[in-house]
Amino acid sequence: MSDINLVAARWVKASYSQQGGNCVEVAPDFPGLAPVRDSKNPEGPALIFAAEAWVSFVAAVRSGEFGDI
């Protein structure tokens, strides 16, 4: 997955993000993939997950499976 070019990616901030908070951004225009980065460090590295894995992670967070994170 390291050959994916994210230079022109359209990044979307999490809907629960607040100014100055700990936020993530996702680039939704990559079928089957979920590129994710730290919104405070947009020039930093992005992690690229399989879309199914990202959906499962978000669902687990929303359900409280990881506690209060």
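If I filter the stretch 35-51 for residues that are surrounded by 12 or more Cβ atoms within 10 Å (Cβ to Cβ), of a type in the set (Asp, Glu) and on the phi < 0 side of the Ramachandran plot, do I get at least one hit?
Yes: one or more hits.
So which residues in the stretch 31-60 are charged (D, E, K, R) and within 14 Å of Val12 (Cα to Cα)?
Those that are charged (D, E, K, R) and within 14 Å of Val12 (Cα to Cα): Arg37, Asp38, Lys40.
In this structure, is Ala34 at pLDDT 95 or above and either in a loop (DSSP other than H, G, I, E, B) or in contact with a strand residue (DSSP E or B) (Cβ under 7 Å, 6 or more places away or on another chain) (or both)?
yes
I'd like the residue in the stretch 10-31 that is loosely packed, with under 12 Cβ neighbours inside 10 Å and hydroxyl-bearing (Ser, Thr, Tyr) and, out of all such residues, is modelled with the lowest pLDDT.
Tyr16
The values are calculated or read from the model by the stated rules, or taken from the named source; none is laboratory data. Just so you know, these numbers come straight off a predicted model, no measurement behind them. A quick note on method: Cβ atoms are made from the backbone with ideal geometry, for glycine too, and the neighbour counts reach across all protein chains shown.
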